[in-house]
There are 2 protein chains.
Amino acid sequence: MAVRLKDVAEMAGVSVKTVSNVINGYPHVSATTRARVEAAVEALGYRPNLQARSLRTGRSGVIALGVPRLDEVYFAEVAAHVIDAAGALGLTVLVEQTDGERERELEVLSGIRPGMVDGVILSPLGLSRTDVDETTRGVPVVLLGERVSGSAVDHLRIDNVEAARQLTRSLLTSGRRRVAVVGVPTGSHASAARLRLDGYQRAHGDLDVAWDDELWMSVAGYRRADGAEAVHRLVGTGKPFDAIFCFNDLLALGALAVLRRHSVRVPEDVAVAGFDDIDECSYSVPTLTSVSPDKGELALRAVHTLQARMDGAGDVPDPEVPFAVVQRESTASSR
Amino acid sequence: MAVRLKDVAEMAGVSVKTVSNVINGYPHVSATTRARVEAAVEALGYRPNLQARSLRTGRSGVIALGVPRLDEVYFAEVAAHVIDAAGALGLTVLVEQTDGERERELEVLSGIRPGMVDGVILSPLGLSRTDVDETTRGVPVVLLGERVSGSAVDHLRIDNVEAARQLTRSLLTSGRRRVAVVGVPTGSHASAARLRLDGYQRAHGDLDVAWDDELWMSVAGYRRADGAEAVHRLVGTGKPFDAIFCFNDLLALGALAVLRRHSVRVPEDVAVAGFDDIDECSYSVPTLTSVSPDKGELALRAVHTLQARMDGAGDVPDPEVPFAVVQRESTASSR
DNA sequence: CCGTATGTTTACATCGTTGGAGAAGCCCAG
DNA sequence: CTGGGCTTCTCCAACGATGTAAACATACGG
């Protein structure tokens, strides 16, 4: 079944190594031999066994990507970009889902399939500072999202504080005064959420507006249902509010659904903003204002940084990925 | 850096093979030796080199999944389920994006990384009947979606004709009479679309209602923007219609956005239905009626079928995956 | 016409693991 | 005490590729 180098060699009447040389583009092979070998390769439909090659060379051309869940749109979009970027460099991507659980993130971090993966890109949720340092077993790692360790591990992120600050400021300058928050950090998770909350507070400070932390809603997860539940709770408190800043888009979309059910008009009565700028933001009703990280750039840089590390490069690139605040209908001025 | 079997063997004072035996749970190893070996494994932090193992055993524990694009939500959802199901069986999943291009689908089909992948699950768009038969190079393959070849290759699908028929019938029985279609097959693509159109026609036949094929809109792709564009065109024709059956959910969501912009009320003026039942259907405004294939079941069966083939099993399982028509607000009766 | 430089091809060891054959140690029946 | 059957363990070869070094061929200048 399997065609081996040896078979090609026999057919072409040369040694195994010569065939290997032809395939790997080794320069000193005579034109005639090369032609003969290539003919044999063609005739037999030879394809190298990457298993063996990588055993020999020590590199597999496969990288692992760990995300919480693929059906969380943001991560699917990032994954799509990562796969594209990796493909352009001749790398293949192995995708793992961690559900944000520390255990599984650690597993991905340590290279899942040792020897089978040249590097790891991980979007961590549950990891602690020390976890990362301890676990990295020599597999190059690039983290996406907030810096987990203060250590040597590469990470890429957007400036969450600044992004949240800009978005909040735009809400305040358009006249909103009671800005609720959905998705405040609970427990040890969500370092990104903490930074976003920080940006929210700074914006209030910048403009000398007081905030009301009774309008800060925690969530059990970061999906539509969680946003819906949180806003339901928010409305239940009876406290007035004229804007909601949701710490991701799915929460915001869940929020929109609940507001609609309560006949609250968006943006006339309440402005809503999200974070991540998933495709759906441009099509929801109303369309959703959101912080838009440059995902293509993020993925590209992640893959390139990883490859640089795999090649043993030592220079750390800029960890900051650009973002933009995209204003859409959901936060149009209320006047 | 790398700890090899040999190192463990030296530390434990036994042969390499004995260590291998311990690790693979070979029964005839004395308790004392086993303990000594395990201690050494622990002490050195040994992890087997899967590259080498799979070179030797001929199995890698990795399967490939090929989908058009991950950021198309339906495929992300399917991928998430496939990764879960594979993980439960100790398999890891390598994800490729084909963009629906024949070339790239063929590449995935022939095992992308020969020897590195034990099997392939592919959701094809551009492949022809013959392509599949010719390309399968001994790697077990399971296709998702419409049967492409009439051949020996396993495939899983839902009954598209019946699903479209049931959905269309429900539109007709609720009083709709001019049901537009968005996503009719163009060119050689879209065998699934052809079947759905077939179901649409049969439902009309069943109830003795005439259809108007000037209400059938073709699309360039199957994303929101394409649905939006198609409905824009549909409205432009000036032809009356009281329902739109979109051949996937994204098209339908794009359609909703355009209808809203034209102040067409859904479902009062026009009913809208989609296909695939992505998560968003439950949260859009209005919520979207859709055909819901059992994705968990689909993924589970795909993985199990693949494994059965990898194990050399010969019995073909039932290729039909259950579905349900989920009625939501977008098709509520107009009276 | 030889020695050397240059270019091309080959033989062999090697990567880390597992399968198979058989060696070594042990226990027990004869 | 010997021999047969177990159990437990070791040695060697092999999976399919590539790197090294050496062998072989050819061409050229002296």
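The values are calculated or read from the model by the stated rules, or taken from the named source; none is laboratory data. All of these numbers come straight from a predicted model, not from anything done at the bench. Don't worry about glycine lacking a Cβ; one is built from the backbone with ideal geometry, like all the others, and counts go over all protein chains shown. SASA here: full protein model, heavy atoms, side chains in, ligands and nucleic acids out. Shrake-Rupley method; radii C 1.70, N 1.55, O 1.52, S 1.80 Å.
Computed over protein heavy atoms with a 1.4 Å probe, the accessible surface of the range A:237-335 works out to 39 Å² per residue. The residue among B:Ala39, B:Phe323, B:Gly61 whose Cα reaches farthest toward the positive pole of the charge dipole of chain B, with charges on the beta-carbon of Lys, Arg, Asp and Glu, is B:Ala39.
Per DSSP H run of n ≥ 4, the term is -39500 (n - 2.57); total these for chain A, divide by its residue number, and report the mean residue ellipticity at 222 nm rounded to 500 deg cm²/dmol. Intermediate values should be presented prior to the final figure.
On the way: 12 runs with 142 residues, N = 335.
About -13000 deg cm²/dmol.
The accessible area of B:Val209, taken with all protein chains in place and a 1.4 Å probe, comes to roughly 20 Å².
Might you report the magnitude of the Cβ-based charge dipole of the protein assembly as shown about its Cα centre, with Lys and Arg at +1 and Asp and Glu at -1, to the nearest 20 debye?
On the way: 74 positive and 90 negative charges, 170 e Å.
Value, rounded to 20: 820 debye.
Per residue, the solvent-accessible area of the range B:5-48 (1.4 Å probe, heavy atoms of protein chains only, all protein chains present) comes to 59 Å². Residues of the range A:110-135 buried by at least 40 Å² of accessible area upon assembly of all protein chains, compared with the chain on its own (1.4 Å probe): A:Arg113, A:Pro114, A:Met116. Need one word for the protein assembly as shown: rounded, prolate or oblate. Basis is the Cα gyration tensor (sqrt eigenvalues a ≥ b ≥ c); a/c below 1.5 gives rounded, then a/b vs b/c decides. Oblate, since a/c reaches 1.5 and b/c is not below a/b. If the chain linking A:Asp269 and A:Glu329 were pulled fully straight, counting 0.36 nm for each residue of separation and taking away their Cα-Cα distance, it would gain 20.3 nm. Take the Cα of B:Ala2, step 7 Å toward its Cβ, do the same at B:Ala88, and the gap between the two points is 3.4 nm. The rotation axis bringing chain B onto chain A passes closest to the chain B residue reported with its distance as B:Ala76, 2, by C-beta distance in whole Å. Computed on chain A, with alpha-carbon pairs under 8 angstrom and 6+ residues apart, the relative contact order is 15 percent.
Think of chain A as a dipole: +1 on every Lys or Arg Cβ, -1 on every Asp or Glu Cβ, centred on the Cα centre; then among A:Leu172, A:Leu5, A:Ala313, A:Leu5 lies furthest on the positive end.
Can you find, among B:Ala203, B:Ala80, B:Ala192, the residue sitting farthest towards the positive end of the charge dipole of chain B, where Lys and Arg contribute +1 and Asp and Glu -1 at Cβ? Of the listed residues, the answer is B:Ala80. How would you classify the range A:160-293 from its alpha-carbon gyration tensor, with a ≥ b ≥ c the square roots of the eigenvalues: rounded for a/c under 1.5, else prolate if a/b is greater than b/c, otherwise oblate? The shape class here is rounded.
What does the structure give for A:94-100 when I average, per residue, the other chain Cβ atoms found within 10 Å of the residue Cβ? Before the final figure, lay out the partial values.
On the way: counts 7, 10, 4, 6, 0, 1, 0.
Average per residue, whole number: 4.
Name the most mobile residue of A:Asp131, A:Asp206, A:Asp198, meaning the one with the largest mean-square fluctuation, in a Gaussian network model of chain A with Cα contacts below 10 Å. For chain A, modelled as a Gaussian network with Cα springs under 10 Å, the answer is A:Asp206.
The distance between label points at B:Glu107 and A:Met310 comes to 1.5 nm (points 7 Å beyond Cα on the Cα→Cβ vector). The B-A contact accounts for roughly 4400 square angstrom of buried accessible surface, both chains included, probe 1.4 angstrom. Relative to the longest principal axis of the Cα atoms of chain B, the long axis of helix B:73-88 lies at roughly 30 degrees. Surface calculation, 1.4 Å probe, protein heavy atoms: B:Trp211 sits at approximately 100 Å² accessible.
For B:Thr237 and B:Asp318, calculate 0.36 nm times their separation in residues minus their Cα-Cα distance, and state this gained length in nm to one decimal. Display every interim value, and only then the final one.
Details: separation 81, 0.36 × 81 = 29.16 nm, distance 4.39 nm.
Working it through step by step, the gained length comes to 24.8 nm.
Once you order the gyration tensor axes a ≥ b ≥ c over the Cα atoms, which shape class does chain B get: rounded for a/c under 1.5, otherwise prolate or oblate by comparing a/b with b/c? Please report the intermediate quantities before stating the final value.
Details: a/c = 3.06, a/b = 2.60, b/c = 1.18.
Judged from the Cα gyration tensor, chain B comes out prolate (a/c at least 1.5, a/b above b/c).
For B:Glu107, the accessible area of its heavy atoms, probed at 1.4 Å with every protein chain present, is near 110 square angstrom. Computed over the range A:5-48, the Cα gyration tensor eigenvalues convert (square root of 5λ each) into semi-axes of 14, 10, 9 Å, ordered from largest to smallest. Could you check how much of the accessible area of chain A is carbon and sulfur, as a whole percent, using a 1.4 Å probe? Looking at chain A in its full context, I get 50 percent from C and S. Taking every C-alpha pair closer than 8 Å and separated by at least 6 residues, the mean separation divided by the residue count of the range B:160-293 gives a relative contact order of 25 percent.
Averaged across the residues of A:284-291, what count of C-beta atoms belonging to other chains lies within 10 Å of each residue's C-beta?
Details: counts 7, 8, 2, 1, 0, 0, 0, 0.
Mean partner shielding for this stretch: 2.
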